[in-house]
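Values in this text are rule-based calculations from the coordinates and carry no lab data. Keep in mind that this is a model prediction, so the values were computed, not measured. Cβ atoms come from the backbone with ideal geometry, glycine included; neighbour counts cover every protein chain shown.
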4 protein chains.
Amino acid sequence: MNRPTQIAVIGKGTPDDELGLVAEEVGRRLAEAGAVVICGGLGGVMEGVARGASAAGGTVIGIVPSEDPVTANLWCTHVIAAGTGSARNLAVVSSGEAVIAIGGEWGTLSEIAYARQAGRPVVALASWRVTPATAITNGEGIEPADDPASAVELAIALAAAAR
Amino acid sequence: MNRPTQIAVIGKGTPDDELGLVAEEVGRRLAEAGAVVICGGLGGVMEGVARGASAAGGTVIGIVPSEDPVTANLWCTHVIAAGTGSARNLAVVSSGEAVIAIGGEWGTLSEIAYARQAGRPVVALASWRVTPATAITNGEGIEPADDPASAVELAIALAAAAR
Amino acid sequence: MNRPTQIAVIGKGTPDDELGLVAEEVGRRLAEAGAVVICGGLGGVMEGVARGASAAGGTVIGIVPSEDPVTANLWCTHVIAAGTGSARNLAVVSSGEAVIAIGGEWGTLSEIAYARQAGRPVVALASWRVTPATAITNGEGIEPADDPASAVELAIALAAAAR
Amino acid sequence: MNRPTQIAVIGKGTPDDELGLVAEEVGRRLAEAGAVVICGGLGGVMEGVARGASAAGGTVIGIVPSEDPVTANLWCTHVIAAGTGSARNLAVVSSGEAVIAIGGEWGTLSEIAYARQAGRPVVALASWRVTPATAITNGEGIEPADDPASAVELAIALAAAAR
């Protein structure tokens, strides 16, 4: 497979100055590393990562919930209009070879869960902590990261290992 | 709205003797209370709750991932073949006025997250514990329960309060 | 499989006096024959068939596009809130053992196509006529009917033959 | 909106020598015109158009039904793994500013219907002919084309007119 690595970036959809800067740096670093960014195409972290990546010359595919591509933020270089509402969360994480979660509300938690169900490694930057009911192995696979640089490095390494 | 109350029951999909009995009792009690059970239509907790409810004369709608209703367990009285894979998780919880989670793996966590995003109250029986990144109000809305009787009582009360 | 037969009824979603009466009679006859009606849960033909079936004491499951069951018409006895927008069209027809199309706009055409792709027989009452590009067998499987009585009789016979 | 024009190309999924060549020329011409190709990512017409476009240096986003990007044909430059089965048909056409249909079976017909429901213009190359039940305006919007060159020219003009 010679396609460029695809990394999904998920997180809080409402504007947040601090997380927005984190997302922007994650986007920039992913673009500099040659990775394509997959995101949910809307605001907050989705807009931050798209801005960072496309400003650095990278490719960003935003997968919006509605049937209307115009709902995407202006930094996405390509838009997929899924038309399936919040079920597009499944598409976002399934399309990443690894996933970086930045903050996040309930929608982000649904994406973390879908990512792990599909076997995608997740790198968490100030995001959800989850504890399964019992000591089962599938509570694993979510790696914390301290800053954008290490999150991007880890995600790309995990994606490479999964190829 | 004169429709009977609909309660979604979610949980571990692989067979588990202990959780299966819990699910069966939850199903029986929901049917005795006149509630319609919505579930994912497959095995494990989904089969246990369907068996308990339909054996008690209740109605069980199983929403399976595939386009093929034959994939549903035999205790569902009606089958919806969503055709949308794991995205049917969104349909399961959106169709419940309240949600009862019993154990659960990653798929169940995606359902808990979707339920809370859509504002559905969740009652947890030996299921996931989740902690949001920051002190935000939307980490709320998941109520623990100790046994099937109290889970059913709580779910029906929460559903009634939401009407 | 001892479940009652499920018949999907699809058609024009905007109000239409003539088609509404046709749909209502189809619903009544399906209920009298003991079949469960699956429909899209909204207005027009979906409301007509739900009214006819539930007024005759039948069961009607409406699968609405949104995450909100309140969007369903009041004649549905149960509501599935798919949350996947127009992609719920796939769920409607996949959940029927046979499909009856009454009139219809573009959404109905997408359902006829999905039904045939999944191998469900379609009975058409004043609905779309389609012609494939070339003489391929999969242009088959859509049977015209002249009135509600013959449409219901044919759909139930086709469903029985497919069990 | 400064994004490159996105054109969805849909059609017969099983291999077909003649349609494969048509699809390949359509892909090449779209890439030469600077348009991004959106397709279903699998075989037949989807593979032909992807090969033609990427061989000409273009961008091709394949939206596959499963959660697994490995199921995409090797000519897609980017892959979206929708995870929603045939419901991904809605994403394919909603993501195009115009749609080109080449031959096609039932899945293609569902896409033509979804495209028109969402208001996307459709250009048909040896594809389905459809006739609505009654003389309603929404039977319009499907333009026939005689060859790949005129199909591409027409689709790009229709997309430009819709911006």
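Which residue is it, in chain A, whose C-beta lies closest to the A-to-C rotation axis, and what is that distance in whole Å?
Per the A/C rotation axis, the closest residue of A reads A:THR84, 2.
Would you work out the relative contact order for the stretch B:5-163, in percent, from Cα pairs under 8 angstrom that are 6 or more residues apart?
Values: 392 pairs, mean separation 37.2, N = 159.
Value for the stretch B:5-163: 23 percent.
I want the antiparallel fraction of DSSP beta bridges within the stretch D:6-155, as a percent rounded to 5. Before the final figure, lay out the partial values.
Details: 0 of 22 bridges.
Roughly 0 percent of the DSSP beta bridges within the stretch D:6-155 come out antiparallel.
To the nearest 0.05, what FRET efficiency results for B:ARG3 and A:ASP17 with a Förster distance of 60 Å applied to their C-beta separation? Walk me through the numbers before you get to the answer.
On the way: r = 45 Å, r/R0 = 0.75.
For B:ARG3 and A:ASP17, the calculated efficiency is 0.85.
Based on alpha-carbon positions alone, could you give the equivalent ellipsoid semi-axes of the protein assembly as shown from the gyration tensor, as √(5λ), descending, whole Å?
36, 35, 18
Hey, in the GNM for chain D with a 10 angstrom Cα cutoff, which one of D:VAL130, D:VAL93, D:VAL64 fluctuates hardest?
Taking springs between Cα atoms under 10 Å, the residue moving most is D:VAL130.
So what is the 222 nm mean residue ellipticity for chain A from helices alone, if each DSSP H run of at least 4 adds -39500 (n - 2.57) and you divide by all residues, rounding to the nearest 500 deg cm²/dmol?
On the way: 5 runs with 61 residues, N = 163.
It lands at -11500 deg cm²/dmol.
Please identify, among C:SER94, C:SER127, C:SER66, the residue showing maximal mean-square fluctuation in a Gaussian network model of chain C using a 10 angstrom Cα cutoff.
Ranking C:SER94, C:SER127, C:SER66 by mean-square fluctuation puts C:SER66 first.
By Kyte-Doolittle mean hydropathy of at least 1.6 and Cα axial length of at least 18 Å, which whole DSSP H helices of chain D are selected?
Working: long enough: D:17-32 (23 Å, -0.24); D:148-162 (21 Å, 1.65).
Length and hydropathy pass: D:148-162.
So what's the convex hull volume per residue for the Cα atoms of the stretch C:1-59, in Å³? If you can, show how the numbers build up before the last one.
Values: hull volume 3.6 nm³, N = 59.
Here the figure is 60 Å³ per residue.
If the viscosity is 0.692 mPa s and the temperature 37 °C, what Stokes-Einstein diffusion coefficient in µm²/s follows for chain A when Rh is the Kirkwood radius over Cα pairs? Intermediate results must be reported in sequence, preceding the final value.
Values: Rh = 15.1 Å.
For these conditions, the coefficient is 218 µm²/s.
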